[in-house]
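Comments concern the structure below.
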Amino acid sequence: MKRRIVAFATLLMLVTSVLGAGSASALSAKLDFHVADAAIGAGTGIPQLGARAVADNGDIVSVVGSGTFNLGSEKTTGGGTFVHTTSGGVLVGSGTWTATGVDDFTFYGCGGDLPSNFCGGLLTLDVHLVAGGGAAEFDGVLVIDCLIGDAIPPGAIEGIKLNVSGGPNFDETMFEESGLTLYVSRSKNG
């Protein structure tokens, strides 16, 4: 955990230069989300290979992405990539995902030993997935859990879950340092 704190403090320099410093007591309605993306990798020095989850049949999905969401309007932007493999590592499919709406956000808090605009929570997004260069399209629900704050529920696991309509449900989060998540509160005027 201390390694993560030091790493996120380094990431602060990147984020504050773009967003400006926020305040835990003045959480804005707009937040950025990061899922095992280049910003986390650059800030922590830990290569981000994707946040992973496993389905009942052992298949694994790996997700990378970033974007923004608005708590008031429930609007979101952003997306990323996904890779679906069997438990043995055989590629089943890959493609892109786009965030299409916010279902829910449970706020865990901001700051603590981290910068005051680094926040945690459980975000549930509606997403649209496109696989095989457009050969197949699916809707789904992506859940992103970031364990920062003083209101983290017992049993929470940092990472993602992905449920695909008509497809596999990757319901078990696989925590790995190569799949970190983060929310960054935007300043009210940013």
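Near the amide H of Thr100, within less than 5 Å, lie the amide hydrogens of Asp126, Val127, His128, all on another chain or at least 5 residues away, with H placed in the peptide plane.
A P(r) calculated from all alpha carbon pairs of region 2-185, with 5 Å bins opening at zero, reads 1, 9, 18, 22, 21, 15, 8, 5, 1, 0 percent. Working from Cα pairs under 8 Å separated by at least six residues, relative contact order for region 2-185 is 25 percent. If R0 is taken as 30 Å, the Cβ-Cβ distance between Thr86 and Ala42 corresponds to a FRET efficiency of 0.45.
Counting other Cβ atoms within 10 Å as a rough exposure proxy, the listed residues Cys146, Cys119 run Cys146, Cys119 from fewest neighbours to most. Couplings 3J(HN,Hα) of region 40-51, computed from phi: 5, x, 5, x, 9, x, 9, x, 9, 9, x, 7 Hz, in residue order, whole Hz [Karplus 6.51 cos²θ - 1.76 cosθ + 1.60, θ = phi - 60°; x for Gly and Pro].
Shown in residue order for region 108-116 are the 3J(HN,Hα) couplings computed by the Karplus curve 6.51 cos²θ - 1.76 cosθ + 1.60 at θ = phi - 60°: 9, x, 10, x, x, 7, 9, x, 5 Hz (x for Gly and Pro). The stretch between Val141 and Thr100 holds 13.8 nm of extra length on full extension. This uses 0.36 nm per residue minus the Cα-Cα distance.
Across region 119-190, the mean sequence separation of Cα contacts (distance under 8 Å, 6 or more residues apart), normalised by length, yields a relative contact order of 29 percent. Remark: relative contact order (region 29-73) = 50 percent; criterion is Cα-Cα distance under 8 angstrom and separation of 6 or more residues. Phi angles of region 124-139 translate, via the Karplus equation with coefficients 6.51, -1.76, 1.60 and θ = phi - 60°, into HN-Hα couplings of 10, 10, 7, 9, 10, 10, 10, 10, x, x, x, 5, 9, 10, 9, 9 Hz per residue; Gly and Pro are given as x.
The three principal axes of the C-alpha atoms in region 124-189 carry coordinate ranges of 43, 35, 20 Å, sorted with the longest axis first.
Any read-out appearing in this document is the output of simple, stated calculations on the displayed coordinates, not a laboratory observation. All figures in this text were calculated on a predicted structure; none of them were measured in a lab. Neighbour counts are summed over all protein chains in view; Cβ atoms, including those assigned to glycine, are modelled from backbone coordinates with ideal geometry.
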